[in-house]
Amino acid sequence: MKVSLNWLREHLPLELSAAELSTHLLRLGFEVAGHQRLGATFTGVVVGKVVTKEKHPNADKLSVCVVDDGATKRTVVCGAPNVDAGQTVAYARPGAVLPGNFKIEGRKLRGVESQGMICSRSELGLPKDVDGIWIMGEGPALGTDVGSLLGPADDVLEVEITSNRPDCLSHRGLARELAADFHKELKPLGGGMVESRKVSLPVTVEDSEACPFYGARLIEDVKVGDSPAWLKSKLEAIGLRPINSVVDITNYVLHDIGQPLHAFDADKLKGGKIIVRRSEAGEKLLALDHKTYDLPEGLLVIADDEKPVALAGVMGGEETAVTTSTKRVLLEGAYFNPAEARKSSQKTRLRSDSSYRFERGSDPAAPREAADRAAALILQIAGGSAAMPSEAASVRLEGTKIHSSVAKLNQILGADFSDDKVLASLKPIAKELTGTAADFGFLPPSWRRDLATANDLAEEVGRFLGYDNIPYRMAPMSPKTARLTPVEAESRRVRSRLAALGLSEAYNYDLLSEKSLAACRLSADGQPRAANPLSEDWAVLRQSLLPGLLKNAAHNLSRGADAARFFEVGKAYAIRGTDVDETWRVAGILLGPVLDARWQAARAPRASFYDGKAIVEDLLEKAGPVVWAKLSESKTPSDPLFHPANTLRATINGAPVATVGWLHPRVARAFDLEREGAIVFDADLEWLAGREDAVSRFAEFSSLPVSRRDLALVLDKKSAYRDVETVIKKCRLEALQDVLLFDVYEGKGVPEGKVSLAIRLTFGLADRTLTDTEVSAAVETVVAALAKQLGASLRS
């Protein structure tokens with residue numbers, strides 16, 4: 001928030017420099033982020049008059065002017081499009097110095113001698129109002145120093161106000177804070193209203209919880225025009241552009257005492273009344289920023305008999321805006337529920353100075369006083385007559401009295417402040433302070449909604465008496481080892497394993513857009529949604545971790561990466577009845593070369609389905625007997641992202657634990673990954689965390705050699721390899737140690753509809769070496785079982 005030091009002194013007599021004030025504000029918890037010195041930062045610029053203007057003989061866009069500065073007439077070459085004869089301008093004589101130590105000297109421009117410069121406001125370091133030179137208007141005498149017309153110099157501070165202190169979002173609010181610190185009295189506001197007996201337009205509030213107070217005052221026979229110089233200079237000092245006298249007054253009151261106001265052109269309100277209601281489906285608002293907004297159903301609006309004329313607490317409508325032709329003004333002063341203002345601002349993506357204050361919680365007692373002050377200024381500046389306000393008010397929001405003691409506050413702070421000092425620091429910020437140091441009651445004023453507990457009061461005491469006055473003591477500690485939950489412990493194990501396998505961990509937001517879900521063949525219907533999303537990109541809680549990982553992979557590949565090997569551990573969300581169910585999962589993506597390019601041959605192997613399956617098998621180690629099956633029906637929210645034919649599901653004791661496979665072609669195309677051959681996997685981390693690991697038993701290594709036999713089996717193409725393993729294991733051969741599939745072949749020499757599987761059988765015993773006869777007998781047993789149950793034969 002920009003704060004004018006001169007304006008601040010109108011509320012509180014301060015004899016501090018800008019630097020000293022910045023130090024005090026920082027001690028009170030308000031950081032000063034910037035400082036700007038306003039006023040004349042130039043010399044030698046006087047009021048002049050353009051006597052004549054002629055076209056430059058050698059340049060189409062330049063003019064040759066004669067300027068009278070009251071003492072002499074000089075020729076000036078000017079390039080401004082709005083310069084004309086008869087104008088009163090800011091004229092920099094030869095020898096003048098402009099901001100930035102820019103010295104004005106006589107010189108030739110395209111063959112014509114130019115003695116001086118006709119200046120724009122921006123060239124003088126002043127706020128810009130129009131393009132081109134500064135046309136000053138009649139009034140100042142020729143030759144008058146322009147710097148003397150700008151009034152006293154001013155310091156403008158950029159003060160950072162924390163979100164819990166909306167009461168300080170005004171000059172009087174900040175002055176009130178400084179007054180409490182310096183134990184000084186604020187200057188009275190003044191500017192009360194003299195009311196007539198005439199009643200303003202009727203007001204109806206349909207939702208008193210959303211709008212506890214709404215006041216509207218009719219002011220007739222006004223003459224809207226430019227604001228006086230004092231009002232313009234105040235607004236310009238804090239970076240606001242003057243518009244007209246009525247609008248400028250509402251902006252002035254906003255930054256003066258912190259209460260947002262709005263002025264309607266009463267003649268443009270249909271039906272002659274105000275209704276505070278909810279927006280209906282299909283309604284729109286042409287706002288003051290000249291943009292048309294589609295209003296979602298249920299937002300709080302200010303409406304006339306036909307349509308919304310303002311978005312409550314956010315911005316008014318252009319169709320009912322006050323202009324120089326306005327004769328009757330309806331002045332609004334209201335208090336809107338902070339949640340309503342924030343919802344309206346978020347839903348429409350419309351921010352304003354008013355919404356900034358309302359959504360943080362403005363003073364519920366301020367609207368009437370602020371409207372009275374603004375109405376008095378309108379009568380003073382624009383004339384007219386004011387009617388009695390029409391008001392709709394529910395029960396006033398009152399603060400809750402806080403009961404505590406000085407000892408309690410000192411205990412919270414770890415301090416030893418005296419009773420008198422503590423009570424003296426609290427008295428300036430209290431509406432009512434009763435009782436004794438041992439038991440006092442503190443009633444916060446209406447603007448301090450942040451004061452609700454003894455801890456809040458302790459913070460105020462610490463700020464005003466100084467945290468640096470609290471002695472440093474090491475707090476007694478009894479450190480305890482934190483216990484990990486099963487999910488935390490499993491997350492650590494999974495992260496360690498996947499990182500060791502060469503995957504990098506990714507962190508993504510839990511919120512996604514409907515567009516992203518659609519690209520992943522996922523639906524947003526039935527998914528939990530953010531009530532007031534920051535944007536449509538963060539509107540829906542994810543049901544799968546894979547969409548975020550796909551974005552990570554696409555982002556890296558588009559920036560020159562050769563491969564992507566990512567995993568993420570996080571939550572997936574679903575609605576279960578009336579609750580939101582959160583499930584911990586782990587997911588990953590593999591694509592591109594397996595090894596770094598400098599270690600590879602020209603045609604390096606790329607990530608394959610078997611790489612992904614091996615990673616999942618590593619995660620499921622010791623989890624129990626794993627049964628692999630094709631994706632027959634959707635059992636997890638991530639299933640639509642997998643290729644329906646090239647995906648396997650791992651189940652343990654009937655529970656779907658993990659899925660691994662190729663990325664679905666449609667999803668791959670949506671993320672420009674169709675050429676990469678992406679492998680994705682998804683696993684239930686909570687199931688892994690809750691499993692009982694098989695007991696590990698040590699088996700002594702055998703020093704004896706093993707025997708291996710390779711078999712090339714020809715069997716039906718529809719037969720699954722897991723069936724081959726099952727048949728072999730059912731033979732219950734004591735000497736069989738391992739079964740390994742090392743090749744799959746189709747083609748020449750293999751009948752159509754058949755496939756050749758090359759498997760390796762490893763035999764061995766711990767106490768003796770097997771004979772060839774024993775190994776051969778075991779192999780014959782296996783071949784016979786495979787022939788009988790699967791119709792397999794040895795390939796010749």
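Quick notes on this one:
- Number of the condition not met by LEU174 [criteria: (1) closer than 30 Å to PRO428 by Cα; (2) open to solvent by 50 Å² or more (accessible area, probe 1.4 Å); (3) in contact with a helix residue (DSSP H, G or I) (Cβ under 6 Å, 6 or more places away or on another chain)]: (2)
- Matching entry among LEU350, LEU409 (being open to solvent by less than 40 Å² (accessible area, probe 1.4 Å) and not assigned by TED's automatic domain parsing to the domain that holds ALA310): LEU409
- Total residues in segment 600-651, condition at pLDDT 90 or above, within 27 Å of ILE575 (Cα to Cα) and open to solvent by less than 40 Å² (accessible area, probe 1.4 Å): 10
- Output for segment 530-567, where each listed residue is within 19 Å of the chain's Cα centre (by Cα) and at pLDDT below 90: ALA530, ALA531, ASN532, PRO533, LEU534, SER535, GLU536, ASP537, TRP538
- Meets criteria (of a type in the set (A, V, I, L, M), in the same structural domain as GLU617 (by TED's automatic domain parsing) and touching an Asp or Glu at 6+ places or on another chain (Cβ under 9 Å)) for ALA519: no
Residues checked against (1) basic (Lys, Arg); (2) closer than 17 Å to ALA658 by Cβ; (3) open to solvent by less than 40 Å² (accessible area, probe 1.4 Å); (4) outside the structural domain of ALA499 (by TED's automatic domain parsing):
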| residue | (1), (2), (3), (4) |
| --- | --- |
| ARG529 | yes, no, no, no |
| LEU546 | no, yes, yes, no |
| LEU549 | no, yes, yes, no |
| ASN552 | no, no, yes, no |
| PHE567 | no, yes, yes, no |
| GLY570 | no, yes, yes, no |
| GLU582 | no, no, no, no |
| LEU590 | no, yes, yes, no |
| PRO593 | no, no, yes, no |
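- Residue match in segment 491-504 (condition: within 31 Å of the chain's Cα centre (by Cα) and either crowded, with 18+ Cβ neighbours inside 10 Å or acidic (Asp, Glu) (or both)): yes
- Matching strands (runs of 3 or more DSSP E) fully within segment 1-98 where at least 1 residues are at pLDDT below 90, within 30 Å of GLU460 (Cα to Cα) and open to solvent by 50 Å² or more (accessible area, probe 1.4 Å): 31-38
- Restricting ILE133, ILE161 to residues that are in contact (Cβ under 8 Å) with a residue 60 or more places away in the chain and crowded, with 20+ Cβ neighbours inside 10 Å narrows the list to ILE161.
- The listed residue being surrounded by 14 or more Cβ atoms within 10 Å (Cβ to Cβ), more than 27 Å from TYR610 (Cα to Cα), in contact with a Phe, Trp or Tyr (Cβ under 7 Å, 6 or more places away or on another chain) and hydrophobic (A, V, I, L, M, F, W, C), out of LEU770, LEU733, LEU765, LEU757: LEU770
- Residue match in segment 106-120 (condition: surrounded by fewer than 15 Cβ atoms within 10 Å (Cβ to Cβ) and among the acidic types (Asp, Glu)): yes
- Those residues of segment 633-660 which are of a type in the set (Ser, Thr, Tyr), assigned to a loop (DSSP other than H, G, I, E, B) and touching a residue at least 12 places away in the same chain (Cβ under 8 Å), in sequence order: THR636, SER638
- Screening VAL783 with (1) touching a helix residue (DSSP H, G or I) at 6+ places or on another chain (Cβ under 7 Å); (2) open to solvent by less than 40 Å² (accessible area, probe 1.4 Å); (3) among the aliphatic types (A, V, I, L, M) gives one miss only, at (1).
Table: residues versus (1) of a type in the set (Val, Ile, Thr); (2) more than 20 Å from VAL586 (Cβ to Cβ); (3) touching a strand residue (DSSP E or B) at 6+ places or on another chain (Cβ under 6 Å).
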position: ARG473; (1), (2), (3): no, yes, no
position: LEU503; (1), (2), (3): no, no, yes
position: ALA519; (1), (2), (3): no, yes, no
position: ARG529; (1), (2), (3): no, yes, yes
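- Among residues of segment 48-67 that are at positive phi, none has a beta-carbon under 9 Å from a residue that is part of a strand (DSSP E or B) at least six positions away or on a different chain.
- The residue pairs whose first member lies in segment 293-311 and is closer than 16 Å to ASN532 by Cα, whose second member is assigned to a loop (DSSP other than H, G, I, E, B) and aromatic (Phe, Trp, Tyr), and whose beta carbons are closer than 7 Å, counting only pairs six or more residues apart or on different chains, are LEU300/PHE336.
For every residue, the table says whether it meets (1) in the same structural domain as ALA607 (by TED's automatic domain parsing); (2) farther than 30 Å from ARG27 by Cα; (3) part of a helix (DSSP H, G or I).
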{"residue": "PHE442", "(1), (2), (3)": "no, no, no"}
{"residue": "ARG448", "(1), (2), (3)": "no, no, no"}
{"residue": "LEU457", "(1), (2), (3)": "no, no, yes"}
{"residue": "ARG463", "(1), (2), (3)": "no, no, yes"}
{"residue": "MET474", "(1), (2), (3)": "no, no, no"}
{"residue": "GLU490", "(1), (2), (3)": "yes, yes, yes"}
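- Only residues that are open to solvent by 20 Å² or more (accessible area, probe 1.4 Å), at negative phi and part of a helix (DSSP H, G or I) were counted across segment 256-273, and they come to 4.
- Among the conditions (1) modelled with pLDDT of 95 or more; (2) part of a helix (DSSP H, G or I), the only one that LYS232 does not satisfy is (1).
- The residues in segment 138-155 that are open to solvent by 50 Å² or more (accessible area, probe 1.4 Å) and within 25 Å of ARG37 (Cα to Cα) can be counted, and the count is 5.
- Taking the criterion of being part of a helix (DSSP H, G or I) and more than 15 Å from TRP662 (Cα to Cα), the residues of segment 608-632 that qualify are GLU617, ASP618, LEU619.
- Taking the numbered list (1) over 30 Å from CYS211 (Cα atoms); (2) β-branched (Val, Ile, Thr); (3) not in a strand (DSSP E or B) in turn, THR434 passes all entries but (3).
- Residues satisfying the stated conditions in segment 706-725, i.e. among the polar types (S, T, N, Q) and farther than 16 Å from ALA758 by Cα: SER707
The values are calculated or read from the model by the stated rules, or taken from the named source; none is laboratory data. Predicted model only: the values in this text are computed from it and were never measured. Cβ coordinates were reconstructed from backbone atoms using ideal geometry, including for glycine residues, and neighbour counts include every protein chain displayed. The accessibility values were calculated without ligands, DNA or RNA, using every heavy atom of the protein model including side chains. Shrake-Rupley method; radii C 1.70, N 1.55, O 1.52, S 1.80 Å.
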